[in-house]
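Below is one structure, written out as C-alpha cells, with a few remarks after it.
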Amino acid sequence: MKENEGYINLEDNGEPLTKVPIHFVDVPGHEKLRFKFSDFTPITCGIIFLVDSSTCAKNVRSIAEYLYDIFSNKDVIKHNIPTLIACNKNDMITALPPERIQTMLENEINQLRNTRTSALDHQDSSGTDYVEFLGYENERFKFEHLENEVNFEKCSVDKNEITEIKSWVAEIYGRL
C-alpha cells in the first residue's frame, strides 16, 4: 500500500472541464500511511477526502483524527487549501447524508480539539511542535470557522456519480 499518482483529463460527457490534465495523488487512509499526505501539501491545490457514508458513524473518531491532522497541517493553513469531503456510497441504504456526516465530524473534532489542547497544556512546549487550534476558542468547532473552504458532497464512485466532484476540481483548478 502506497500513494498512487497520475494525470487525469477531467471530462464531463466527453467535454473537457480543464485545458490540461490534472495531477492527482491518492494517499491511502490506512493509519500507518496517513502521515504521507504531508509530503504533498506544499504543492497541493485542493484536497478531496473520501468518506464511506455507510460506515462513517462507526469510524467517526478515526476520520475526525485524520481530518484534524490535515486541517492543522502548516501548509494547508498557510495556503488555505480548499477541501471537499466526498461522502461516497450514498446509494447504499445505510448511507448517511452529507449534512449528518458534517455534524458528526464537527462534534468529534470538537472533542478531539479539547483533548489535544488539554494534552499540550500539560507538556513542556519547548520540545513540541506547535499544533494549530482549529476553529474559534470558546465556541464549538464548525468547519465554517476554518480559514480554508470546506465542502461536503455526496457521491457514488462505484456508480460513477461523481459530477459534483469533477465540478469542484474544475472550479479549484480554474482559480489557479
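Do the conditions hold for ILE81, that is, is it out of contact with any His (no Cβ under 9 Å at 6 or more places or on another chain) and not polar (S, T, N, Q)? Full working, then the answer.
On the way: out of contact with any His (no Cβ under 9 Å at 6 or more places or on another chain): yes; not polar (S, T, N, Q): yes.
In short, yes.
Against the condition open to solvent by 20 Å² or more (accessible area, probe 1.4 Å) and modelled with pLDDT of 90 or more, how does SER126 come out, does it pass?
no
Which of the residues belonging to the range 30-39 are loosely packed, with under 11 Cβ neighbours inside 10 Å and charged (D, E, K, R)?
Those that are loosely packed, with under 11 Cβ neighbours inside 10 Å and charged (D, E, K, R): GLU31, LYS32.
Could you check the range 47-64 and list, in sequence order, the residues that are open to solvent by 10 Å² or more (accessible area, probe 1.4 Å) and either over 11 Å from the mean Cα position of the chain (by Cα) or closer than 15 Å to LEU146 by Cα (or both)? Working first, answer last.
Restricting attention to the range 47-64, the residues satisfying the condition of being open to solvent by 10 Å² or more (accessible area, probe 1.4 Å) are 47-50, 52, 54-55, 57-63.
Of everything in the range 47-64, those that are open to solvent by 10 Å² or more (accessible area, probe 1.4 Å) and either over 11 Å from the mean Cα position of the chain (by Cα) or closer than 15 Å to LEU146 by Cα (or both) turn out to be ILE47, ASP52, SER54, THR55, ALA57, LYS58, ASN59, VAL60, ARG61, SER62.
For the range 95-109, which residues satisfy the criterion of being open to solvent by 20 Å² or more (accessible area, probe 1.4 Å) and either of a type in the set (Val, Ile, Thr) or in contact (Cβ under 8 Å) with a residue 60 or more places away in the chain (or both)?
Correct list: THR103 only.
Yes/no matrix, rows are residues, columns are (1) open to solvent by less than 40 Å² (accessible area, probe 1.4 Å); (2) touching an Asp or Glu at 6+ places or on another chain (Cβ under 8 Å); (3) at pLDDT below 85:
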residue: GLY6; (1), (2), (3): yes, no, no
residue: LEU10; (1), (2), (3): yes, no, no
residue: THR18; (1), (2), (3): yes, no, no
residue: PHE24; (1), (2), (3): no, yes, no
residue: PRO28; (1), (2), (3): yes, yes, yes
residue: THR41; (1), (2), (3): yes, yes, no
residue: CYS45; (1), (2), (3): no, no, no
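The values are calculated or read from the model by the stated rules, or taken from the named source; none is laboratory data. Remember, it's a predicted structure, so these values are computed and weren't measured experimentally. Note that each Cβ is placed from the backbone with ideal geometry, even for glycine, and that neighbours are counted across all protein chains shown. Heavy atoms of the whole protein, side chains included, go into the accessibility calculation; ligands, DNA and RNA do not. Shrake-Rupley method; radii C 1.70, N 1.55, O 1.52, S 1.80 Å.
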